[in-house]
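Report on the following structure.
None of the figures in this text is laboratory data; all of them are computed from the coordinates on show. Not measured: the values here are computed from a predicted model. Ideal geometry is used to build each Cβ from the backbone, glycine not excepted, and the neighbour counts take in all protein chains shown.
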Amino acid sequence: MQCSKCRREAVIYQRYSGLHLCEQHFNRDFEAKAKRAIREHRWIESGDTVAVALSGGKDSSAVLFFLHRLLGERRDVRLMVITVDEGIGGYRDPGRARAIADRVGVPWVTATFAEAYGITLDTIVARKGTGLSCSYCGVLRRALMNRIAREEGVTKFAYGFNLDDEAQSVLMNALRGDAERLTRPMREAEGMVPRIKPFMYIPEREVALYAFLHVEGFDLAGCPYAGDALRGDVRGILDEYTYRHPATKYSLVNLGETLREPAKNHTEGLRVCERCGEPCGKICRTCQVLDEVRKGG
Ligand code: SF4
């Protein structure tokens, strides 16, 4: 099939736009969408140190490539990479992330659950089962990332979350009746490093294609503990519905942004955990999780 914009061979068909795009026009369209997300949210400013949270998978590898292309020549913005090794045997391989960071020449920093908390995710799962693995993992990873960020002077975390992830989250929160999460503003509480998501308007399959076109050696395997049943169901429902109504995921993401809008001016003051001193509640969620998982069975 020919590209809708030139005579070259198309590499993708976008159902929502009706366009067939060749590699060159696909890259242009992809990067324009990512730049628009950054511009509209004013996510990157002069003086920023942006850290890509690099797992070595397709999404984070693609966001590193894109940000390096966007920011590589800028002297007023620093780009670096952080990889957290949760301790998942046979899956997490920090060496792979390091090789991807080295290939674009961006400084790479790593930390492990084992060193930071004295426990790996494999041990947590052995003690607690897989039911809450993502919840424990997310809380501990986020706290560790925040700690490294403070040491390294990071001002923004860049994540590879894509349109599918964002649309699924909005629908999941609606299905759970979780109004608090649906309306929670994107800004972070004081003391937490803000997150940016340049691919939030780009479908997952296009992020995968961008990664295939530009990044060598990213990880295709899924985490063995990824078992959020609701997310799996929502993904299936959304993909099927979007096949017949191609703009659905965009509509959901727009809805999520609109619902968060009135809360934009809301600021949470700095609260500090009484035990570890991290910004959070009275005893922060990280300390609560560590109490739970260290107790064993
Ligand atoms: Fe952690 Fe869940 Fe992601 Fe696996 S899928 S790395 S357990 S958050």
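A few remarks follow.
- Per-peptide average of other Cβ atoms within 10 Å, ordering 3-10, 51-58 highest first: 51-58, 3-10
- Whole-angstrom gap from segment 190-240 to segment 72-130, using each part's C-alpha centre: 17
- When the chain is treated as a Gaussian network with alpha carbon springs shorter than 10 Å, the biggest mean-square fluctuation among ARG75, ARG235, ARG260 belongs to ARG75.
- Interchain or long-range residues, amide H under 5 Å from THR49's placed H: ARG78, THR155, LYS156
- Cα long-axis angle, helix 58-71 against the chain (0 to 90 degrees, to the nearest 10): 70
- Between helix 163-176 and the chain: long-axis angle, C-alpha atoms, 0 to 90°, nearest 10: 50
- Angle between the chain longest axis and helix 229-244 axis [Cα atoms, degrees, rounded to 10]: 10
- Assigned charges on the beta-carbon of Lys, Arg, Asp, Glu; the chain dipole about Cα centre (debye): 380
- Mean residue ellipticity (222 nm) of the chain, computed from DSSP H runs ≥ 4 via -39,500 (n - 2.57), nearest 500: -15500 deg cm²/dmol
- Summarising the amide proton neighbourhood of SER4: residues at separation of 5 or more, or on other chains, whose placed amide H is nearer than 5 Å comprise HIS20, LEU21, CYS22.
- Lysine pairs meeting the criterion (Cα under 16 Å, 8 or more apart or interchain), as found in the chain: 8
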